[in-house]
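So the structure is just underneath, and the comments pick up after that.
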Amino acid sequence: QVHLRQSGGGLVQAGGSLRLSCVASGYIFSTKTMAWYRQPPRKQRELVAVIDSGGTTTYVDSVKGRFTISRDNAKNTVYLQMNSLKPEDTAVYYCNVPFRDVDYWGQGTQVTVSS
């Protein structure tokens, strides 16, 4: 079955950097679009970044120029490099893959940015 295992995250000061990783299993990783979402405190989950099977990326406006999504198909891993972090980036971050009409999620990783 599909499984997504996240790592990374933590507490960082504003202006700092973090990298999130998400290792996928249970399907042919290279063929699927991958995404990162986040859920800030008391808010709904929102899409942050997407990378398709060809490596094309898209970002929500609030993270453009600061975050980079990438993938390593040899390692079945998608990354989210987060630079110039702001307190408003504080959230639980989730990796995601839609597979056979079902959304699969990682376990979530807390990112806290202090001012």
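The values are calculated or read from the model by the stated rules, or taken from the named source; none is laboratory data. Predicted, not measured: the structure shown is a model, and the values here were computed from it. We place every Cβ from the backbone using ideal geometry, glycine too, and count neighbours over all the protein chains shown. Just so you know, the surface numbers come from the protein's heavy atoms only, side chains and all, with ligands and any DNA or RNA stripped out. Shrake-Rupley method; radii C 1.70, N 1.55, O 1.52, S 1.80 Å.
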Review point. Do you know which residues across region 75-89 are over 17 Å from Gln6 (Cα atoms) and either at pLDDT below 95 or not charged (D, E, K, R) (or both)?
Key: Asn83, Ser84, Leu85, Pro87
Study note, to complete from the structure: If you go through Asp89, Asp72, the only one that is among the acidic types (Asp, Glu) and open to solvent by 40 Å² or more (accessible area, probe 1.4 Å) is Asp72
Exercise for review: Confirm whether Ser70 is touching a Lys or Arg at 6+ places or on another chain (Cβ under 9 Å), free of Cβ contacts under 8 Å to residues at least 40 places away in the same chain and not basic (Lys, Arg).
Suggested key: no
Exercise for review: Within region 18-55, count every residue that is assigned to a loop (DSSP other than H, G, I, E, B), small (Gly, Ala, Ser) and surrounded by 12 or more Cβ atoms within 10 Å (Cβ to Cβ).
Suggested key: 2
Revision key, fill the gap. In region 92-110, residues that are assigned to a strand (DSSP E or B) and over 11 Å from the mean Cα position of the chain (by Cα) total 6
Review point. Given the structure, is Gln13 surrounded by fewer than 12 Cβ atoms within 10 Å (Cβ to Cβ), more than 13 Å from Gly106 (Cα to Cα) and in contact (Cβ under 8 Å) with a residue 60 or more places away in the chain?
Key: yes
